[in-house]
Amino acid sequence: MSVSTGESVFDWIDTRAGARAKAGLTRTVRPRAAHSTDLDLASNDYLGLTRDKRVTGAAAAAALRWGAGSTGSRLVTGSTELHTELEYELANFCGAQSALVFSSGYAANLGALMALSGPGTAIVADQHIHASLIDGTRLSKADVVVAGHCEVPRITHALATRGKRRALVVTDSVFSVDGDLAPLADLVATCREHEAALVVDDAHGLGVLGDGGRGAVHAAGLAKAPDVVTTVTLSKSLGAQGGAVLGPSRVIRHLIDTARTFIFDTGLAPASAAAALAALKVLREEPGLPERALTVAQDLAFRLRENGLPASTPSAAVVSVRAPSAESALEWSRACRAQGVLVGCFRPPSVPDQVSRLRLTARADLTEADVERAVRVITETGASAGAVSRPR
Ligand code: PMP
(Lines give C-alpha, C1' and ligand atoms only; values in the text may rest on other atoms or scores of the structure.)
Protein backbone atom coordinates (compact mmCIF):
# COMPACT_ATOMS: atom_id res chain seq x y z
CA MET A 1 0.00 0.00 0.00
CA SER A 2 1.48 3.37 -0.92
CA VAL A 3 1.18 6.41 1.31
CA SER A 4 0.90 9.80 -0.39
CA THR A 5 3.06 12.48 1.19
CA GLY A 6 2.06 15.22 -1.23
CA GLU A 7 4.77 16.60 -3.48
CA SER A 8 7.40 14.13 -4.70
CA VAL A 9 11.08 15.00 -5.00
CA PHE A 10 10.70 15.04 -8.77
CA ASP A 11 7.69 17.38 -8.66
CA TRP A 12 9.70 19.64 -6.38
CA ILE A 13 12.73 19.79 -8.70
CA ASP A 14 10.46 20.42 -11.69
CA THR A 15 8.84 23.36 -9.88
CA ARG A 16 12.27 24.76 -9.07
CA ALA A 17 13.50 24.28 -12.65
CA GLY A 18 10.41 26.14 -13.91
CA ALA A 19 11.09 29.05 -11.55
CA ARG A 20 14.75 29.23 -12.66
CA ALA A 21 13.75 29.19 -16.32
CA LYS A 22 11.25 31.99 -15.70
CA ALA A 23 13.93 34.09 -13.99
CA GLY A 24 16.43 33.43 -16.81
CA LEU A 25 18.73 31.53 -14.42
CA THR A 26 19.02 28.20 -16.27
CA ARG A 27 22.63 27.10 -16.71
CA THR A 28 24.12 25.43 -19.76
CA VAL A 29 27.01 22.97 -20.02
CA ARG A 30 28.75 23.76 -23.28
CA PRO A 31 31.74 21.64 -24.35
CA ARG A 32 34.48 23.83 -25.78
CA ALA A 33 36.42 23.03 -28.92
CA ALA A 34 39.96 21.72 -28.46
CA HIS A 35 41.33 24.30 -30.85
CA SER A 36 39.26 27.37 -31.51
CA THR A 37 39.88 30.88 -32.73
CA ASP A 38 37.72 32.31 -29.94
CA LEU A 39 39.40 34.80 -27.65
CA ASP A 40 39.25 33.32 -24.15
CA LEU A 41 38.57 35.78 -21.32
CA ALA A 42 36.56 33.24 -19.34
CA SER A 43 39.06 30.64 -18.16
CA ASN A 44 41.33 30.92 -15.14
CA ASP A 45 44.43 30.02 -17.14
CA TYR A 46 46.01 33.32 -16.04
CA LEU A 47 49.51 32.57 -17.26
CA GLY A 48 48.54 30.60 -20.36
CA LEU A 49 50.33 27.53 -18.98
CA THR A 50 47.68 24.89 -19.50
CA ARG A 51 48.84 24.38 -23.10
CA ASP A 52 52.50 25.17 -22.49
CA LYS A 53 54.52 22.28 -23.92
CA ARG A 54 56.69 22.09 -20.79
CA VAL A 55 53.54 21.54 -18.73
CA THR A 56 51.64 19.21 -21.08
CA GLY A 57 54.84 17.25 -21.78
CA ALA A 58 55.39 16.66 -18.06
CA ALA A 59 51.76 15.56 -17.67
CA ALA A 60 51.98 13.14 -20.58
CA ALA A 61 55.24 11.63 -19.32
CA ALA A 62 53.78 11.18 -15.83
CA ALA A 63 50.67 9.47 -17.20
CA LEU A 64 52.83 7.03 -19.15
CA ARG A 65 55.03 6.30 -16.16
CA TRP A 66 52.47 6.24 -13.35
CA GLY A 67 49.14 5.58 -15.07
CA ALA A 68 46.08 7.68 -15.80
CA GLY A 69 44.83 7.71 -12.22
CA SER A 70 46.46 7.70 -8.82
CA THR A 71 44.71 4.37 -7.95
CA GLY A 72 43.69 5.13 -4.39
CA SER A 73 43.62 7.40 -1.36
CA ARG A 74 46.81 9.30 -0.66
CA LEU A 75 47.16 7.18 2.49
CA VAL A 76 46.93 3.87 0.63
CA THR A 77 48.28 3.70 -2.95
CA GLY A 78 47.53 7.23 -4.20
CA SER A 79 50.83 8.92 -3.32
CA THR A 80 53.74 8.95 -5.77
CA GLU A 81 57.10 10.65 -5.57
CA LEU A 82 55.52 13.37 -7.76
CA HIS A 83 53.06 14.22 -4.98
CA THR A 84 55.85 14.45 -2.41
CA GLU A 85 57.98 16.56 -4.73
CA LEU A 86 55.05 18.86 -5.51
CA GLU A 87 54.38 19.36 -1.80
CA TYR A 88 58.03 20.20 -1.22
CA GLU A 89 58.15 22.59 -4.21
CA LEU A 90 54.86 24.33 -3.38
CA ALA A 91 55.94 24.97 0.19
CA ASN A 92 59.35 26.10 -0.99
CA PHE A 93 58.02 28.41 -3.71
CA CYS A 94 55.38 30.01 -1.50
CA GLY A 95 57.70 30.22 1.51
CA ALA A 96 55.51 28.01 3.72
CA GLN A 97 56.75 25.47 6.24
CA SER A 98 54.77 22.57 4.73
CA ALA A 99 52.19 21.70 2.10
CA LEU A 100 49.63 18.97 1.48
CA VAL A 101 48.17 18.26 -1.97
CA PHE A 102 44.47 17.48 -2.46
CA SER A 103 42.55 16.40 -5.56
CA SER A 104 41.07 19.91 -6.01
CA GLY A 105 41.02 23.34 -4.45
CA TYR A 106 37.45 22.60 -3.43
CA ALA A 107 38.57 19.48 -1.56
CA ALA A 108 41.46 21.39 0.04
CA ASN A 109 39.06 24.01 1.42
CA LEU A 110 36.52 21.47 2.70
CA GLY A 111 39.27 19.36 4.25
CA ALA A 112 41.05 22.27 5.91
CA LEU A 113 37.95 23.87 7.41
CA MET A 114 36.48 20.60 8.65
CA ALA A 115 39.78 19.58 10.23
CA LEU A 116 40.53 22.94 11.83
CA SER A 117 37.12 23.55 13.35
CA GLY A 118 34.05 21.83 14.70
CA PRO A 119 31.39 22.21 17.37
CA GLY A 120 32.90 24.63 19.87
CA THR A 121 34.69 26.68 17.22
CA ALA A 122 33.57 30.13 16.10
CA ILE A 123 34.17 30.78 12.41
CA VAL A 124 34.07 34.41 11.32
CA ALA A 125 33.76 34.56 7.54
CA ASP A 126 33.84 37.27 4.91
CA GLN A 127 30.55 37.51 3.03
CA HIS A 128 32.22 37.03 -0.36
CA ILE A 129 34.19 33.83 0.32
CA HIS A 130 34.18 31.12 -2.31
CA ALA A 131 31.43 28.47 -2.31
CA SER A 132 33.95 25.79 -1.27
CA LEU A 133 34.82 27.74 1.88
CA ILE A 134 31.13 28.31 2.60
CA ASP A 135 30.52 24.56 2.29
CA GLY A 136 33.52 23.89 4.53
CA THR A 137 32.13 26.15 7.24
CA ARG A 138 28.76 24.38 7.00
CA LEU A 139 30.24 20.90 7.14
CA SER A 140 32.45 21.85 10.08
CA LYS A 141 29.40 22.23 12.37
CA ALA A 142 31.10 25.28 13.87
CA ASP A 143 29.16 28.43 14.81
CA VAL A 144 29.47 30.69 11.79
CA VAL A 145 29.24 34.48 11.74
CA VAL A 146 29.25 36.16 8.32
CA ALA A 147 30.79 39.56 9.03
CA GLY A 148 30.21 41.67 5.91
CA HIS A 149 32.72 42.09 3.12
CA CYS A 150 36.22 43.23 4.12
CA GLU A 151 34.72 44.82 7.21
CA VAL A 152 37.50 44.36 9.74
CA PRO A 153 35.62 46.15 12.59
CA ARG A 154 32.73 43.67 12.23
CA ILE A 155 35.16 40.76 12.22
CA THR A 156 36.88 42.17 15.29
CA HIS A 157 33.53 42.56 17.02
CA ALA A 158 32.58 38.95 16.24
CA LEU A 159 35.93 37.75 17.64
CA ALA A 160 35.67 39.92 20.73
CA THR A 161 32.18 38.66 21.58
CA ARG A 162 32.69 34.94 20.89
CA GLY A 163 33.17 33.96 24.50
CA LYS A 164 35.47 31.04 25.18
CA ARG A 165 35.22 29.37 21.78
CA ARG A 166 38.26 28.73 19.59
CA ALA A 167 38.15 31.02 16.56
CA LEU A 168 38.99 30.93 12.89
CA VAL A 169 38.72 33.85 10.47
CA VAL A 170 38.11 32.73 6.88
CA THR A 171 38.70 34.80 3.75
CA ASP A 172 39.72 34.69 0.10
CA SER A 173 42.88 36.72 -0.67
CA VAL A 174 41.50 37.77 -4.07
CA PHE A 175 37.71 37.52 -4.15
CA SER A 176 36.71 35.38 -7.08
CA VAL A 177 33.79 37.42 -8.40
CA ASP A 178 35.14 40.99 -8.35
CA GLY A 179 38.87 40.35 -8.03
CA ASP A 180 39.20 42.71 -5.05
CA LEU A 181 41.73 42.03 -2.28
CA ALA A 182 41.20 41.10 1.36
CA PRO A 183 42.90 43.36 3.94
CA LEU A 184 45.27 40.57 5.04
CA ALA A 185 47.48 42.76 7.25
CA ASP A 186 44.48 44.09 9.20
CA LEU A 187 42.93 40.64 9.40
CA VAL A 188 46.03 39.03 10.84
CA ALA A 189 46.39 41.90 13.33
CA THR A 190 42.86 41.42 14.66
CA CYS A 191 43.32 37.63 14.67
CA ARG A 192 46.44 38.00 16.80
CA GLU A 193 44.79 40.45 19.16
CA HIS A 194 41.96 37.98 19.69
CA GLU A 195 43.90 34.69 19.48
CA ALA A 196 42.27 33.47 16.29
CA ALA A 197 43.75 31.57 13.36
CA LEU A 198 43.46 32.98 9.84
CA VAL A 199 42.56 30.78 6.85
CA VAL A 200 43.25 32.42 3.49
CA ASP A 201 42.17 30.98 0.13
CA ASP A 202 44.90 32.22 -2.24
CA ALA A 203 43.41 30.52 -5.33
CA HIS A 204 43.50 33.71 -7.40
CA GLY A 205 46.67 35.10 -5.80
CA LEU A 206 49.09 32.25 -6.51
CA GLY A 207 50.87 32.87 -9.81
CA VAL A 208 49.56 36.42 -10.07
CA LEU A 209 50.43 38.37 -6.91
CA GLY A 210 53.57 38.64 -4.81
CA ASP A 211 57.20 38.29 -5.74
CA GLY A 212 57.31 36.17 -8.93
CA GLY A 213 53.73 34.98 -8.31
CA ARG A 214 54.32 33.59 -4.82
CA GLY A 215 50.83 34.70 -3.87
CA ALA A 216 49.06 37.27 -1.72
CA VAL A 217 49.94 35.54 1.55
CA HIS A 218 53.66 35.67 0.69
CA ALA A 219 53.26 39.31 -0.39
CA ALA A 220 51.73 40.10 3.02
CA GLY A 221 54.75 38.52 4.75
CA LEU A 222 52.56 35.77 6.23
CA ALA A 223 53.80 32.67 4.41
CA LYS A 224 55.62 31.35 7.50
CA ALA A 225 53.25 32.76 10.09
CA PRO A 226 52.42 30.18 12.77
CA ASP A 227 48.77 31.24 12.86
CA VAL A 228 47.97 31.46 9.13
CA VAL A 229 46.82 28.57 6.93
CA THR A 230 46.69 29.08 3.16
CA THR A 231 44.76 27.08 0.59
CA VAL A 232 45.50 27.18 -3.14
CA THR A 233 44.33 25.58 -6.35
CA LEU A 234 46.60 24.12 -9.00
CA SER A 235 43.94 24.69 -11.66
CA LYS A 236 44.25 28.40 -12.32
CA SER A 237 47.70 30.01 -12.79
CA LEU A 238 49.45 26.64 -12.68
CA GLY A 239 47.29 25.40 -15.56
CA ALA A 240 46.91 21.94 -14.01
CA GLN A 241 44.30 20.49 -11.68
CA GLY A 242 44.23 19.92 -7.94
CA GLY A 243 44.59 21.89 -4.72
CA ALA A 244 46.80 22.24 -1.67
CA VAL A 245 46.94 23.51 1.89
CA LEU A 246 50.07 25.37 2.98
CA GLY A 247 50.99 26.18 6.54
CA PRO A 248 52.79 25.23 9.72
CA SER A 249 54.00 21.61 9.80
CA ARG A 250 51.82 20.78 12.78
CA VAL A 251 48.75 21.85 10.81
CA ILE A 252 49.76 19.70 7.83
CA ARG A 253 50.34 16.70 10.13
CA HIS A 254 46.89 17.27 11.62
CA LEU A 255 45.34 17.34 8.13
CA ILE A 256 47.03 14.07 7.13
CA ASP A 257 45.43 12.39 10.14
CA THR A 258 42.02 14.05 10.07
CA ALA A 259 41.06 15.89 6.85
CA ARG A 260 38.25 13.80 5.38
CA THR A 261 38.77 15.00 1.81
CA PHE A 262 42.40 13.91 2.07
CA ILE A 263 41.73 10.55 3.68
CA PHE A 264 38.64 9.38 1.78
CA ASP A 265 39.27 10.90 -1.65
CA THR A 266 41.36 9.33 -4.42
CA GLY A 267 44.70 11.12 -4.64
CA LEU A 268 45.43 13.68 -7.33
CA ALA A 269 46.22 12.10 -10.74
CA PRO A 270 50.02 11.85 -11.23
CA ALA A 271 49.73 13.74 -14.54
CA SER A 272 48.19 16.71 -12.70
CA ALA A 273 50.90 16.66 -10.03
CA ALA A 274 53.57 16.61 -12.73
CA ALA A 275 51.86 19.43 -14.64
CA ALA A 276 51.71 21.62 -11.52
CA LEU A 277 55.39 20.88 -10.79
CA ALA A 278 56.34 21.86 -14.34
CA ALA A 279 54.29 25.07 -14.06
CA LEU A 280 56.09 26.00 -10.83
CA LYS A 281 59.37 25.51 -12.68
CA VAL A 282 58.17 27.82 -15.47
CA LEU A 283 57.25 30.42 -12.85
CA ARG A 284 60.76 30.27 -11.42
CA GLU A 285 62.26 30.57 -14.90
CA GLU A 286 59.95 33.38 -16.02
CA PRO A 287 59.24 35.52 -12.95
CA GLY A 288 57.84 38.32 -15.14
CA LEU A 289 54.76 36.28 -16.20
CA PRO A 290 52.54 37.21 -13.20
CA GLU A 291 53.12 40.92 -13.68
CA ARG A 292 52.19 40.58 -17.34
CA ALA A 293 48.79 39.06 -16.38
CA LEU A 294 48.21 41.95 -13.98
CA THR A 295 49.16 44.58 -16.59
CA VAL A 296 46.80 43.03 -19.14
CA ALA A 297 43.96 43.08 -16.56
CA GLN A 298 44.57 46.73 -15.72
CA ASP A 299 44.79 47.72 -19.39
CA LEU A 300 41.58 45.85 -20.20
CA ALA A 301 39.66 47.42 -17.32
CA PHE A 302 40.98 50.90 -18.03
CA ARG A 303 39.90 50.77 -21.66
CA LEU A 304 36.45 49.42 -20.79
CA ARG A 305 35.95 52.21 -18.27
CA GLU A 306 37.09 54.73 -20.87
CA ASN A 307 34.27 53.40 -23.04
CA GLY A 308 31.74 54.05 -20.27
CA LEU A 309 31.46 50.51 -18.90
CA PRO A 310 31.32 49.90 -15.13
CA ALA A 311 34.50 47.78 -14.98
CA SER A 312 36.31 47.12 -11.70
CA THR A 313 39.80 48.41 -10.93
CA PRO A 314 41.70 45.12 -10.88
CA SER A 315 44.24 44.23 -8.22
CA ALA A 316 44.74 40.77 -9.72
CA ALA A 317 43.89 39.07 -13.03
CA VAL A 318 40.10 39.25 -12.58
CA VAL A 319 38.06 42.12 -14.05
CA SER A 320 34.35 42.37 -13.36
CA VAL A 321 31.86 44.49 -15.29
CA ARG A 322 28.47 45.05 -13.75
CA ALA A 323 25.37 44.33 -15.79
CA PRO A 324 21.94 45.94 -15.30
CA SER A 325 20.20 42.57 -14.73
CA ALA A 326 20.71 38.80 -14.82
CA GLU A 327 18.95 38.67 -18.19
CA SER A 328 21.08 41.41 -19.72
CA ALA A 329 24.28 39.79 -18.36
CA LEU A 330 23.32 36.55 -20.08
CA GLU A 331 22.36 38.31 -23.30
CA TRP A 332 25.61 40.30 -23.19
CA SER A 333 27.81 37.26 -22.67
CA ARG A 334 26.01 35.43 -25.49
CA ALA A 335 26.50 38.39 -27.82
CA CYS A 336 30.24 38.40 -26.98
CA ARG A 337 30.42 34.67 -27.68
CA ALA A 338 28.65 35.14 -31.02
CA GLN A 339 31.49 37.50 -31.92
CA GLY A 340 34.16 35.06 -30.80
CA VAL A 341 34.98 36.52 -27.36
CA LEU A 342 34.37 34.20 -24.40
CA VAL A 343 33.53 35.91 -21.13
CA GLY A 344 32.22 34.60 -17.83
CA CYS A 345 28.66 35.45 -16.85
CA PHE A 346 28.02 35.54 -13.09
CA ARG A 347 24.41 35.69 -11.95
CA PRO A 348 22.53 34.82 -8.76
CA PRO A 349 23.06 32.56 -6.90
CA SER A 350 26.78 32.71 -7.87
CA VAL A 351 27.13 36.36 -6.81
CA PRO A 352 27.22 37.33 -3.15
CA ASP A 353 25.34 40.62 -3.59
CA GLN A 354 22.76 39.54 -6.22
CA VAL A 355 24.42 41.91 -8.75
CA SER A 356 25.03 40.13 -12.07
CA ARG A 357 28.24 40.84 -13.96
CA LEU A 358 30.53 39.75 -16.71
CA ARG A 359 33.71 38.27 -15.32
CA LEU A 360 36.76 38.69 -17.51
CA THR A 361 40.09 37.08 -16.82
CA ALA A 362 43.31 38.51 -18.14
CA ARG A 363 46.03 36.19 -19.30
CA ALA A 364 49.75 36.81 -19.55
CA ASP A 365 49.71 35.54 -23.14
CA LEU A 366 47.09 37.99 -24.46
CA THR A 367 48.48 40.35 -27.09
CA GLU A 368 47.76 44.04 -27.52
CA ALA A 369 45.54 43.12 -30.51
CA ASP A 370 43.62 40.59 -28.34
CA VAL A 371 42.90 43.25 -25.71
CA GLU A 372 41.80 45.71 -28.37
CA ARG A 373 39.45 43.15 -29.93
CA ALA A 374 38.02 42.21 -26.52
CA VAL A 375 37.37 45.84 -25.60
CA ARG A 376 35.69 46.55 -28.95
CA VAL A 377 33.39 43.51 -28.78
CA ILE A 378 32.49 43.91 -25.09
CA THR A 379 31.72 47.60 -25.59
CA GLU A 380 29.65 47.16 -28.74
CA THR A 381 27.63 44.30 -27.32
CA GLY A 382 27.32 46.12 -23.98
CA ALA A 383 25.49 48.96 -25.69
CA SER A 384 22.73 46.64 -26.85
CA ALA A 385 22.60 44.96 -23.43
CA GLY A 386 22.00 48.39 -21.89
CA ALA A 387 25.23 48.39 -19.92
CA VAL A 388 27.07 51.41 -21.34
CA SER A 389 26.43 54.43 -19.17
CA ARG A 390 27.71 57.06 -21.60
CA PRO A 391 28.38 57.02 -25.33
CA ARG A 392 31.98 56.80 -26.55
N1 PMP B 1 38.67 28.84 -4.16
C2 PMP B 1 38.42 29.82 -5.03
C3 PMP B 1 38.52 31.24 -4.58
C4 PMP B 1 38.06 29.50 -6.35
O5 PMP B 1 37.78 30.48 -7.22
C6 PMP B 1 37.97 28.15 -6.73
C7 PMP B 1 37.64 27.73 -8.14
N8 PMP B 1 36.62 28.38 -8.74
C9 PMP B 1 38.22 27.18 -5.77
C10 PMP B 1 38.59 27.55 -4.50
C11 PMP B 1 38.09 25.72 -6.09
O12 PMP B 1 39.26 25.26 -6.69
P13 PMP B 1 39.21 24.00 -7.67
O14 PMP B 1 38.60 24.48 -8.93
O15 PMP B 1 40.64 23.58 -7.81
O16 PMP B 1 38.38 22.96 -7.02
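If R0 is 25 Å, the Cβ-Cβ spacing of Thr28 and Asp135 corresponds to a FRET efficiency of close to 0.60. Per Stokes-Einstein, at 10 °C and 1.306 mPa s, what whole-number D in µm² s⁻¹ belongs to the stretch 275-392, with the Kirkwood radius over Cα pairs as the hydrodynamic radius? In µm²/s, the coefficient rounds to 107.
Taking all protein chains into account, the per residue accessible area for the stretch 284-392 stands at 43 Å² (1.4 Å probe).
By the compact-protein rule of thumb, 2.2 N^0.38 Å, the alpha-carbon radius of gyration of the stretch 1-146 corresponds to a ratio of 1.48. By definition, a body whose alpha carbon gyration tensor gives a ≥ b ≥ c is prolate when a/c is 1.5 or more and a/b is larger than b/c, and the stretch 78-178 fits this prolate description.
Based on the mean of other beta carbon atoms within 10 Å per residue, what is the order of 15-24, 307-316, most packed first?
On the way: 15-24: 11.1, 307-316: 20.4.
Sorting 15-24, 307-316 by mean packing, highest first, produces 307-316, 15-24.
Net charge of the neighbourhood of Tyr46, taken over other residues with C-beta under 9 Å away and scored Lys/Arg +1, Asp/Glu -1, is +1. So what is the accessible area of the stretch 54-96 per residue, in Å², with the probe set to 1.4 Å? Spelled out: the 1.4 Å probe surface of the stretch 54-96, per residue, equals 50 Å².
Quick check: Cα centre of the stretch 291-355 to Cα centre of the stretch 74-90, how many Å? Cα centroid to Cα centroid, the span is 37 Å. Surface calculation, 1.4 Å probe, protein heavy atoms: Asp201 sits at approximately 10 Å² accessible.
Listed by chain and number, the lysines whose C-alpha is less than 21 Å from the C-alpha of Lys224, apart from same-chain residues fewer than 8 away, amount to an empty set.
When His194, His35 are compared by accessible surface with a 1.4 Å probe, the order from highest to lowest is His35, His194.
Entry note, the chain: relative contact order of 22 percent, from Cα contacts under 8 Å with a spacing of 6+ residues. Report the residue, chosen from Pro119, Pro290, Pro352, that carries the largest GNM mean-square fluctuation when the chain is represented by alpha-carbon nodes joined by springs under 10 Å. Answer for the Gaussian network model of the chain: Pro119.
Taking amide H positions as modeled 1.01 Å from N, with prolines and chain starts lacking one, the residues under 5 Å from Val229 and 5 or more places away or on another chain are Leu198, Val199, Val200. Electrostatic tally near Phe346: other residues with Cβ closer than 13 Å to its Cβ, Lys and Arg +1, Asp and Glu -1, net +3. Computed over protein heavy atoms with a 1.4 angstrom probe, the accessible surface ordering of Trp66, Trp12, Trp332, largest first, is Trp12, Trp66, Trp332.
In the chain, the inverse of the mean reciprocal separation of distinct Cα atoms equals 22.0 Å; this is its Kirkwood hydrodynamic radius.
On a per residue basis, the stretch 146-256 carries 36 Å² of accessible surface, using protein heavy atoms and a 1.4 Å probe. Note on exposure: Thr230, Thr156 ranked by accessible area (1.4 Å probe, complete protein assembly) read Thr156, Thr230, with the most exposed listed first. Here the sum of -39500 (n - 2.57) over DSSP H runs of 4 or more residues, divided by the residues of the chain, equals -13000 deg cm²/dmol at 222 nm, to the nearest 500. Of the solvent-accessible surface of the stretch 1-78, computed with a 1.4 Å probe over protein heavy atoms with every protein chain present, carbon and sulfur atoms account for 59 percent. How would the stretch 13-83 be classified by its alpha-carbon gyration tensor: rounded, prolate or oblate, with rounded meaning a/c under 1.5 and the a/b versus b/c comparison settling the rest? Here the stretch 13-83 falls in the oblate category.
The values are calculated or read from the model by the stated rules, or taken from the named source; none is laboratory data. Not measured: the values here are computed from a predicted model. With ideal geometry, Cβ positions are generated from the backbone for all residues, glycine too; neighbour counts draw on all protein chains shown. Accessible surface is based on the protein model in full, side chains and every heavy atom, while ligands, DNA and RNA are left aside. Shrake-Rupley method; radii C 1.70, N 1.55, O 1.52, S 1.80 Å.
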